[in-house]
Each structure stands twice: as structure tokens, then as C-alpha cells.
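Only the coordinates and a few stated rules stand behind these numbers; no lab work does. What you are looking at is a predicted structure, and each value in this text was computed from that prediction instead of being measured. Cβ coordinates were reconstructed from backbone atoms using ideal geometry, including for glycine residues, and neighbour counts include every protein chain displayed.
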Amino acid sequence: MARVLDAEELEARARALLPSDIYDYYAGGSGSEAALRANTEAWRRVTLRPRVLRDVSRVDTAVSLAGARAGTPVCVAPTAFHNLAYPDGELASARGAATAGALYVLSTRSSRRIEDVAAVLAGHGGRWWFQVYVLRDRSLTEGLVRRAAEAGAQALVLTADAPVLGRKRRDRGAGFIPDEDFLANLGHLDDQASAEQAADVGLGDISWLRDISGGLPVLVKGVLRGDDAAACAAAGAAGVVVSNHGGRQLDAAVPTASALPEVAGALAGYPGCEVLVDGGLRSGLDVLRALALGARAAFVGRPVLWALACGGADGVRDLLTGLTAELGHEMALAGAATLADTAGL
Ligand SMILES: Cc1cc2nc3c(=O)[nH]c(=O)nc-3n(C[C@H](O)[C@H](O)[C@H](O)COP(=O)(O)O)c2cc1C
């Protein structure tokens with residue numbers, strides 16, 4: 001089994017390497033950081049009921065996600081501006097994910113051009129989705145979505161929990177984000193406010209995004225309630241990501257481990273709408289907890305940034321293969337030979 005990198009150790013190493021304002025930008029949460037802390041704590045409280053006398057001589061972590069096959073349910077969450085962590089930015093994190101067989105979600109706020117990241121992914125057999133912030137000038141969003149679809153994105157992830165930006169105490173004005181990173185995919189803008197997130201994003205945008213992308217599946221990220229999940233499914237979403245943006249938006253938001261069972265229950269009647277989750281997942285055991293509570297896959301955010309800062313593409317690959325190996329080991333201990341066996345543990 002590959003050596004499992006401890007997420008806390010990885011973070012400590014990255015903290016020592018990164019300038020303090022960049023470390024704080026990545027690590028921080030909004031407000032008092034209550035939601036940030038609660039995410040990790042809530043997973044640790046989830047206990048499982050292992051099954052015994054099951055044949056676990058072969059454990060299979062393969063999964064299909066909105067029609068895309070992946071070797072692991074451990075996926076890379078969309079996070080902004082990877083150039084701040086490592087010189088090759090998203091080119092390196094994407095290569096790491098692809099070589100680990102993990103699904104990669106590219107942020108709207110990528111510091112590398114969509115086409116360049118897509119070429120790296122294609123070169124390594126990687127599968128990827130494009131995360132969408134609907135921008136105030138919707139024609140900018142439309143341009144990005146069309147480019148992502150053209151470049152080979154297999155789904156869109158509409159981020160729904162950021163109509164305005166959460167206020168982060170640790171941020172010192174985000175002045176350290178260079179224009180060339182912010183504008184990497186947008187080019188020159190007369191008015192940078194046109195590229196800020198729109199506050200009027202609605203359910204109708206699910207079908208809008210599907211239409212302008214030529215029919216890509218659309219998943220909604222940031223769902224924490226069963227009624228919202230059902231509304232997204234009824235509006236045509238192919239999935240929802242249970243997420244509170246890693247504790248960076250509403251500081252009083254419920255931890256994702258607590259929200260997941262309600263969302264999974266609400267979507268039981270919508271087999272076409274998959275349930276995914278992120279927020280505070282730091283080990284293969286956490287991923288197993290997420291699967292047991294009804295998720296089909298789990299995304300990691302900050303640990304990927306730490307791995308990127310410490311080891312570039314190889315660091316990201318080792319993190320994801322390590323988490324997957326650990327998941328397989330925990331599945332065997334819980335009596336689950338396939339991901340389907342993890343339901344109801
Ligand atoms: C530095 C940073 C940047 C992020 N940028 C984005 C983004 O551009 N789009 C988005 O949908 N979510 C973004 N997120 C949220 C992540 O997709 C994800 O929900 C969160 O990081 C998961 O929690 P974790 O970091 O505890 O694993 C960002 C999170 C961090 C930490």
C-alpha cells in the first residue's frame with residue numbers, strides 16, 4: 001500500500017514553503033471560521049457499522065460519475081489560482097490528478113488557460129469537469145463554457161453558494177492575486193467588476209448552461225438542504241455537490257457531514273441526480289464515511305493545494321493515490337468490496 005500522506009503534515013510542510021499571505025488565502029475560512037473547523041470535526045464523529053464475513057480479497061474503488069468512469073471516488077475540488085502554490089499551477093495539479101486516475105474539476109478562476117490544462121489532461125488520459133461561476137457579464141460565462149466544452153470538459157459544475165464573497169478575516173485584500181492570474185481566461189476587461197460573480201443566479205441557469213455547452217450534464221455545487229437538492233434535480237441537474245465551500249461562505253453553515261444524509265434522502269427518488277460531497281475530508285476513512293452517508297464521490301480542496309505546493313504534479317498524484325489506497329484498506333475493514341457495498345455502513 002502506498003504511504004498515506006497525513007493531511008496535517010502536508011499542510012505544515014506547505015505552510016513552511018508558502019508566503020504567509022498565500023497560505024492564509026488558501027487555509028482561511030469566512031467569519032470566525034466556525035464552518036471551516038466544523039467540517040473536519042463532523043466527519044470524525046461519523047461512526048460506521050462494518051459488515052463481516054464478506055469476501056474482500058479484491059476491493060474495487062472504480063466509479064462512474066455523471067457518465068465519466070474514474071478509478072477512484074476521490075476527486076479534485078475546483079480551487080482558484082494554482083499558480084500561487086506552484087509555478088506550473090493547474091498544468092501540474094491536472095497532471096497529478098490524471099496520473100492518479102482521479103476526476104479533476106477546473107475552476108473558473110484558473111490561473112492557466114482552459115485549453116492548456118485540457119491538453120495536459122488529454123495527454124494523460126484524464127477526465128475533467130469545468131466549474132462555473134456565473135459572472136455579472138453573462139457573455140463572459142458563455143465564452144468560458146463554450147471553450148471548456150470545446151476543450152473536452154465532460155460536465156459543468158455550477159457553484160451556487162457564492163452569490164457574494166464570504167468575508168475572510170485572514171485575507172489582506174487579495175492584492176497578492178496578480179491580474180494575469182485573474183484574467184488568464186478572460187483577457188483584458190474594461191471593467192473588472194463584469195467578471196465578479198452574479199448575485200442573481202437561479203434554477204433556470206441549469207438548463208441555460210446545458211444549452212450553451214451543447215448538452216453537457218450540469219451539477220450544482222453548494223447544496224446543503226434536501227428541498228434545494230430536489231429543486232435542482234427537478235430543474236434538470238445531473239448531480240449536486242453537498243458543500244459549504246470549505247467554510248469560506250456562510251460561517252454558520254451546517255457541516256457537510258451533517259447535511260449529506262438529508263440531501264441523499266431527498267434525491268432517493270431522482271436516480272438521474274447524483275450526490276457528491278466536499279469539505280473537510282482529510283483521509284481515506286473520511287471518504288468512506290462520506291460514501292456510507294450516501295455520497296457517490298468525495299472532493300478534496302485544500303489538501304490538493306498543499307500537495308501541489310510541496311511536490312507539484314507528483315505531490316498531487318501521491319496524495320490522491322494515497323487517499324485511494326487508504327480508502328480501499330478501510331473498505332476491506334468495513335466488509336465492502338465495491339463502492340456499492342459502502343451504502344448503509
Ligand atoms: C483557496 C480556495 C479556493 C477555492 N476556489 C473555488 C473556486 O474557484 N470555485 C469553487 O466552486 N470553489 C472553490 N473553492 C471551494 C472548493 O471547491 C471546495 O468546496 C472546498 O475547498 C472543500 O473543502 P476542503 O478544502 O476542506 O477540502 C475554493 C476553496 C479554497 C480553499
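The table below gives the values:
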read-out: Label point 7 Å beyond Cα of Glu41 along Cβ direction - residues of region 266-306 with amide nitrogen under 15 Å; value: 280
read-out: Calculated log₁₀ intensity ratio I(q)/I(0) where the Debye formula runs over C-alpha points of region 152-207, q = 0.22 Å⁻¹; value: -1.18
read-out: Kirkwood Rh and Cα Rg combined as Rg over Rh, evaluated for region 189-345; value: 1.01
read-out: Equivalent ellipsoid, region 266-345 (semi-axes from 5 times Cα gyration tensor eigenvalues, Å); value: 25, 16, 9
read-out: Stretch gain in nm, segment Asp227-Asp314, where the contour uses 0.36 nm per residue and the Cα spacing is subtracted; value: 27.2 nm
read-out: Computed lengthening from Asp211 to Arg15, 0.36 nm per intervening residue step minus Cα-Cα distance; value: 66.3 nm
read-out: Asp200 versus Ala332: modelled label distance in nm, points set 7 Å from Cα along the beta carbon direction; value: 5.7 nm
read-out: Intensity falloff of region 46-130 expressed as log10 I(q)/I(0), Debye formula with alpha-carbon point scatterers, at q = 0.17, 0.18, 0.24, 0.26 Å⁻¹; value: -0.70, -0.75, -1.12, -1.27
read-out: Rg in Å to one decimal, and Dmax rounded to a whole Å, for the chain via C-alpha atoms; value: 18.7, 65
read-out: Pairwise label distance in nanometres, Leu53 with Ala193, each label 7 Å out on the Cα-Cβ vector; value: 6.9 nm
read-out: Protection proxy ranking of 158-165, 220-227, 74-81 - average other beta-carbon atoms within 10 Å, highest first; value: 74-81, 220-227, 158-165
read-out: Translational diffusion coefficient (Stokes-Einstein; Kirkwood radius from C-alpha pairs) of region 1-156 at 4 °C, 1.567 mPa s, in µm²/s; value: 72 µm²/s
read-out: DSSP beta bridges in the chain [antiparallel fraction, %, rounded to 5]; value: 15 percent
